[in-house]
Amino acid sequence: MLKRGVGSPCTRKGEPMQKKNCYLTLFLSTLKLSAFTFGGGYVIVPLMRRRFVEGLHWIDENEMIDLIAIAQSSPGPIAVNASIIIGYRVAGVLGALCTILGTVLPPLVILSLVSLVYAAFRDNAIVNVVMGCMQAGVAAVICDVVISMAQGILKLKKALPIIVMVLAFVGQAVFHLNVILIIVLCGLIGAINTLQMCKKGGQDT
Amino acid sequence: MIYAQLLWSFIQIGLFSIGGGYASLPLIEHQVVDVHGWLTPLQLTDIITISQMTPGPIALNAATFVGTRVGGLPGALVATFGCVLPSCIIVLALAWVYTKYKNLGILRGILDGLRPAVVALIASAGLTILVSAFFTSGAFSANLSDVNGVNVVIFAVCLIVLRKWKPDPILVMVGSGVLGGLAVFALQYLN
């Protein structure tokens, strides 16, 4: 009994959910998120955080950042990768299949329709104005999630993560360093730091 | 035959586009314009424009667009499948390792090292969108006449609303598009 609760976070109001409902919730959640990831893959982060961390409480804030780190380090679109990991984390391989389906369906349907009338869509004045304004909203949504996540890092009150965060931001935003390079370097820094702490711990005892 | 080509092209696009977003653009261009000639360079520019106006990753949007042109609905399905296949395999393998060993010292260390980097990368992507929303030229400019005043106001209002009441971000995004659009047309009407 206890093990089932530990294995899957699939619950509603603290009660374990039926498997079938869990898959359906995963599919419908990612379907909705994918239909609204305007402005590039990273918008999926605030949307997923809202749904799975704050709404359903299926994963916690730190695990969410772990999952994004894995999505970011893997090939392919971040939004797709993040959906696969969430699905797998919550309900195994079948869960991942549900979230993949939910993620690819909206672009498939929308682009199929748009490709029929794409010149008219591209040149439509109303669409252009609405999308232009939406960009400001998207920027605010990303800014909001960055403030929350950065507060989480600052709250650790450790120098190293704060320095890494600032350097990675400058590296990417100012010097346009390769994302892979930044990820590998930061992963290495984390690994070396852990090894050193283990060494210290070993000497103390 | 055309389906096999579509599948293989988009598997390569999915496999080698690391870093997300526009990192996949040169790959898409190479496969669909240079190698196969499925699209003209101008059509590719259209896809980028349309991708900015529709939800979803640009690689998936390109898969559907190219697939539909080359092989109808089955073409779109095959290209989309090819695009997500490498992700599925690699991400599932990593997710398995993560759930099994996430409390292992060294993996924990690597993930803890990545955490601030992830925040920084999201911040950088946000800054790019912010700059493109604030300046009508799409790039940073010291010239005040290039500043899109309506978007600066929308951004400020959205951020205050988000911090204060924590609404669903989807509502904020859609609201900014609809209310902002109305404001722009109202301003045009008044002038």
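The values are calculated or read from the model by the stated rules, or taken from the named source; none is laboratory data. This one's a predicted model, so the numbers in the text were calculated from it and none came from an experiment. Backbone-built Cβ (ideal geometry, glycine too); neighbour counts: all protein chains shown. Protein only, heavy atoms only, side chains kept; ligands, DNA and RNA dropped before computing areas. Shrake-Rupley method; radii C 1.70, N 1.55, O 1.52, S 1.80 Å.
Overall, the anisotropy analysis places the range B:148-191 in the prolate class: the square-rooted eigenvalues a ≥ b ≥ c of its C-alpha gyration tensor yield a/c not less than 1.5, with a/b exceeding b/c. Taking each residue as 0.36 nm, the span from B:VAL97 to B:GLN43 lengthens on full extension beyond its C-alpha to C-alpha distance by 15.3 nm. Lacking any other cysteine beta-carbon closer than 4.7 Å, the following Cys residues of the protein assembly as shown have no compatible partner: A:CYS98, A:CYS133, A:CYS143, A:CYS186, A:CYS198, B:CYS83, B:CYS88, B:CYS158. Here the spin labels are modelled as points 7 Å beyond Cα on the Cα-Cβ line, and at B:LYS166 and A:ARG122 they lie 4.3 nm apart.
Membrane-span-like helices in chain B, defined purely by DSSP H runs whose alpha carbon atoms cover 20 Å or more axially and whose average Kyte-Doolittle hydropathy reaches 0.0, are B:2-16, B:58-101, B:105-134, B:149-165, B:169-190. Partner shielding of B:148-161 amounts to 4, given as the average count of beta-carbon atoms from other chains within 10 Å of each residue beta-carbon. Across every pair of non-identical alpha carbons in the protein assembly as shown, the mean reciprocal distance, once inverted, gives a Kirkwood radius of 21.8 Å. Across all C-alpha atoms in the range A:2-123, the radius of gyration and Dmax reach 15.4, 58 Å. A 1.4 Å probe run over the range A:158-205, with the rest of the protein chains in place, finds 70 Å² accessible per residue. Annotation: for a label point projected 7 angstrom from Cα along Cα→Cβ of A:ILE147, residues of the range B:158-186 with backbone N closer than 12 Å are B:158-167. Which positions within the range A:146-170 get 50 Å² or more of their accessible surface covered by the other protein chains, compared to the chain by itself, with a 1.4 angstrom probe? Buried on complex formation: A:VAL146, A:PHE169.
By the rule of a C-alpha distance below 20 Å, with chain neighbours fewer than 8 residues away ignored, the aspartates and glutamates paired with B:LYS166 are A:GLU54, A:ASP60, A:GLU61, A:ASP144. A DSSP coil position with no more than 12 other Cβ atoms inside 10 Å describes the following chymotrypsin sites (Phe, Trp or Tyr not before Pro) in the range B:118-169: B:PHE140. In the protein assembly as shown, the portion of solvent-accessible area held by carbon and sulfur atoms comes to 70 percent [1.4 Å probe, whole percent, DNA, RNA and ligands not counted]. Entry note, chain A: the mean residue ellipticity at 222 nm calculated from DSSP H runs of n ≥ 4, each adding -39500 (n - 2.57), is -26000 deg cm²/dmol after division by the residues and rounding to the nearest 500. Chain B contacts chain A over a buried accessible area of about 8000 Å², both sides summed; the probe is 1.4 Å and only protein chains count. Bin all alpha-carbon pair distances of chain A at 10 Å intervals from 0 and give each bin's fraction as a whole percent. Each 10 Å bin holds this share of Cα pairs: 7, 27, 30, 24, 9, 2, 1, 0. Applied to the range A:45-54, the Karplus parametrisation 6.51 cos²θ - 1.76 cosθ + 1.60 on θ = phi - 60° returns per-residue 3J(HN,Hα) values of 5, x, 5, 5, 4, 4, 6, 8, 8, 8 Hz, with x for Gly and Pro. Ranked by the mean number of other Cβ atoms within 10 Å per residue, highest first, peptides A:153-164, A:65-76, A:24-35 order as A:65-76, A:24-35, A:153-164. The percentage of C-alpha pairs in the range B:50-166 whose separation is greater than 20 Å is 68%. When nucleic acids and ligands are ignored and a 1.4 Å probe is applied, A:ARG12 ends up with an accessible area of around 120 Å².
Semi-axes of the equivalent ellipsoid of the range A:158-205: what are they in whole Å, largest first, if each equals the square root of 5 times a C-alpha gyration tensor eigenvalue?
28, 11, 4
In percent, rounded to a whole number, the relative contact order of the range B:57-172 is 10, using alpha-carbon pairs under 8 Å and six or more apart.
Using a 10 Å cut-off on Cβ to Cβ distances, tally the other chain neighbours for every residue of A:18-29 and report the average as a whole number.
0
Taking amide H atoms as placed 1.01 Å from N in the peptide plane, the amide H of A:ARG12 lies under 5 Å from those of A:MET17, each 5 or more residues away in sequence or on another chain.
Summing Cβ point charges (Lys, Arg +1; Asp, Glu -1) relative to the Cα centre of chain A gives a dipole of roughly 520 debye.
The amide H of B:ILE18, built 1.01 Å from its N in the peptide plane, has A:GLY76 as neighbours under 5 Å, considering only residues 5 or more places off or on other chains.
For chain A, the longest principal axis of the alpha carbon atoms and the long axis of helix A:159-173 meet at an angle near 30°. Between A:ALA159 and B:PHE140, the simple spin-label model (points 7 angstrom out along Cα→Cβ) gives 2.8 nm.
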